[in-house]
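Let me begin by presenting the structure, written as structure tokens, before commenting on it.
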Amino acid sequence: MTSLFRCPVCGGALTREAHACRCEKGHSYDIAREGYTYLLPPNQKHSAAPGDDKGMAAARREFLSKGYYAPLLNTLCTEILARTGDSPTLLDTGCGEGYYTAGVFQALLSAGKTPRMAGTDISKSILRLAAKREKQVEFAVASSYHLPVTDGTVDVLLNCFSPLAIEEFRRVLRPGGVFLYVVPAADHLWELKQVLYDRPYPNEEKETPYEGFTYDAIVPVDARVTLESQADIHALFQMTPYYWKTPKAGAERLAALDTLDCRIAFRVHIFRKL
């Protein structure tokens, strides 16, 4: 069948076969046993193993699988269902271990739609988990700044906490296509930050217009979660940027906790391509 991805070398259409994706010019890309394809050329790779490592990937999988961020997933499903036709094409950039990708895809199927969906991430470790989670979605290791996707072929593009490659997003979306950009709200994980830092500060919230897009909505998602084990607390910590820039004393305070009641707060910025 024809893949949703295109050849990262020549830009030609890829045919997805049992064990590889191939273009007409003979470029071939193996499909890993988990189901993902590696479409990241060497000149787009800035380290030996870019993106989340195995530990971070496992932490995200463990934490998200317990439903702590279900309020965000439910909101994404609602907003995307309201903005798609019967047979939408969707792309999740920086999809991570596929929690939102799979959730949205299954919601569309349950609503009687026939979606085609793909997910990309620069981390091979995390794509293995995504491909295992949802076999009906195509996954590829790729950079958001060089998406292996044909111009104007995507109806809905989803980006949750991942790099904002707005020029590429504009290129791959069709006119009238929808772009959902999920960012943390001002008080997201405030109680976690209070433990980690002596003087925590809120996240910046702002509206940013982008050329070629118009704002459709900004949808708030606010809830509280209770983490009931040190394992869950550490998993959350490990999947945040704070994991790399927290003073030792703050990390030790967090490691001493068995439970944590914490705010989660997101803003879903929804744009439509002109």
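Read the figures in this text as sums done on the coordinates, not as results from a lab. The structure presented is a predicted model; accordingly, all values stated were derived computationally and were not measured. Don't worry about glycine lacking a Cβ; one is built from the backbone with ideal geometry, like all the others, and counts go over all protein chains shown.
Regarding region 182-190, can at least one residue be identified that is β-branched (Val, Ile, Thr), over 30 Å from ALA256 (Cβ atoms) and assigned to a loop (DSSP other than H, G, I, E, B)?
Checked region 182-190: no residue is β-branched (Val, Ile, Thr), over 30 Å from ALA256 (Cβ atoms) and assigned to a loop (DSSP other than H, G, I, E, B).
Within region 117-161, can you find the residues that are farther than 17 Å from TYR29 by Cα, of a type in the set (Gly, Ala, Ser) and buried (at least 24 other Cβ atoms within 10 Å of the Cβ)?
ALA130
Of all residues in region 147-200, how many are within 26 Å of ASP222 (Cα to Cα), of a type in the set (D, E, K, R) and touching a residue at least 60 places away in the same chain (Cβ under 8 Å)?
So the answer is 2.
I'd like the full set of residues that are in a loop (DSSP other than H, G, I, E, B), among the acidic types (Asp, Glu) and touching a Ser or Thr at 6+ places or on another chain (Cβ under 7 Å), limited to region 104-162.
Across region 104-162, the qualifying residue is only GLU134.
If I ask for residues that are small (Gly, Ala, Ser) and within 24 Å of the chain's Cα centre (by Cα), which ones from region 203-260 would you list?
Matches in region 203-260: GLY212, ALA217, ALA223, ALA231, ALA235.
Anything in region 65-76 that is out of contact with any Phe, Trp or Tyr (no Cβ under 9 Å at 6 or more places or on another chain), surrounded by 13 or more Cβ atoms within 10 Å (Cβ to Cβ) and not hydroxyl-bearing (Ser, Thr, Tyr)? List them, or say none.
LYS66, ALA70, ASN74
Let me spell it out: the conditions are (1) exposed (fewer than 14 other Cβ atoms within 10 Å of the Cβ); (2) within 15 Å of ALA140 (Cα to Cα); (3) of a type outside the set (Gly, Ala, Ser), and LYS25 meets all of them except one. Which number is the exception?
The single condition LYS25 does not satisfy is (2).
Of the conditions (1) under 17 Å from LEU72 (Cβ atoms); (2) without any contact (Cβ under 8 Å) to a residue 40 or more places away in the chain; (3) surrounded by fewer than 13 Cβ atoms within 10 Å (Cβ to Cβ), ASN203 fails just one. Which one is it?
ASN203 satisfies every listed condition except (3).
Tell me, which residue of region 230-274 that is under 30 Å from ASP216 (Cα atoms) and among the aliphatic types (A, V, I, L, M) is surrounded by the most Cβ atoms within 10 Å (Cβ to Cβ)?
MET239
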